[in-house]
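The values are calculated or read from the model by the stated rules, or taken from the named source; none is laboratory data. Quick caveat: nothing in here was measured; it's all calculated off a predicted structure. Neighbour counts are summed over all protein chains in view; Cβ atoms, including those assigned to glycine, are modelled from backbone coordinates with ideal geometry. Side chains included, ligands, DNA and RNA excluded: accessible areas come from the protein's heavy atoms. Shrake-Rupley method; radii C 1.70, N 1.55, O 1.52, S 1.80 Å.
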Amino acid sequence: MLLDKDILDEKNKCLHKPSEDVTFPMDEKDLKMIDDMIEHLTLSQIPEEAEKYDLRPGMGLAAIQVGIPKRYFVVVYEVNEGEFENYILVNPKIVSASNEMIYVEEGEGCLSVNRPTEGIVPRHARITMEGYDTEGNKVRYRVREDLAIAFQHEYDHLNGILFTDKIDNRNKDKYRAI
Ligand code: NI
């Protein structure tokens with residue numbers, strides 16, 4: 001299984017470079033990695049499991065965070081306690097985004113950023129993302145709030161951008177969702 005030590009730290013140069021498009025059929029190695037990433041994120045959000053394996057809770061991972069410079073990411077979202085929805089996006093594109101901006105009040109987190117950070121990242125409150133599943137079928141997700149933030153955060157990883165590159169504390173109120 002994937003442990004915290006397998007996830008690259010922000011100091012690693014790879015995390016700051018854009019990843020390459022995936023070609024289909026996907027490599028076995030990537031399919032296995034997607035399963036491992038989902039397992040890791042799921043366990044990390046279950047307190048007993050997180051403690052057992054010493055995992056920091058996280059809801060998203062991009063391939064580059066485990067050293068694979070390919071354009072895919074996964075998000076594991078806890079809809080209800082202990083109930084998770086998995087999202088896999090390969091070669092994703094943002095096809096529409098709301099004008100309304102929101103941000104995570106306490107600041108975003110990232111499994112590649114192992115230090116306290118201060119500041120917020122303005123994100124679109126709603127986005128539509130298109131991409132492919134692991135078999136190359138087109139997928140399209142319209143997401144809002146927490147999921148929209150997670151998708152934009154992970155999408156940025158594919159372009160070599162970390163949330164710390166986007167921190168903006170000027171006039172927070174202008175980003176506040178009403
Ligand atoms: Ni991240």
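Projected onto planes of every orientation and averaged, the convex hull of the alpha-carbon atoms in the chain covers 10.2 nm².
Here the peptides 52-58, 167-173 are ranked by packing, the mean other Cβ count within 10 Å, and the order with the highest first is 52-58, 167-173. Highest mean packing comes first when the peptides 107-113, 60-66, 136-142 are listed by Cβ atoms within 10 Å, giving 60-66, 107-113, 136-142. Relative protection proxy for 150-156, 40-46, from highest mean packing down: 150-156, 40-46 (other beta-carbon atoms within 10 angstrom).
Calculated mean residue ellipticity, 222 nm, the chain: -6500 deg cm²/dmol, from DSSP H runs (n ≥ 4) at -39500 (n - 2.57) each, averaged per residue and rounded to 500. Heavy-atom accessible area, probed at 1.4 angstrom with all protein chains present, ranks His16, His124 as His16, His124, highest first. Give the carbon-plus-sulfur fraction of the accessible surface of the chain in %, rounded to a whole number; probe 1.4 Å, heavy atoms of protein chains only. Summing carbon and sulfur atoms, their accessible area is 47 percent of the total for the chain. Under the criterion of Cα pairs below 8 Å and six or more residues apart, the relative contact order for the chain equals 25 percent.
For the stretch 76-142 and the stretch 11-37, what is the separation of their C-alpha centers, rounded to whole Å? So the separation of the two Cα centres works out to 17 Å. Neighbours of Arg115, meaning other residues whose beta-carbon lies under 11 angstrom from its beta-carbon, give a summed charge of -2 when Lys and Arg score +1 and Asp and Glu score -1. Average accessible surface for the chain: 54 Å² per residue, computed with a 1.4 Å probe over protein heavy atoms with every protein chain in place.
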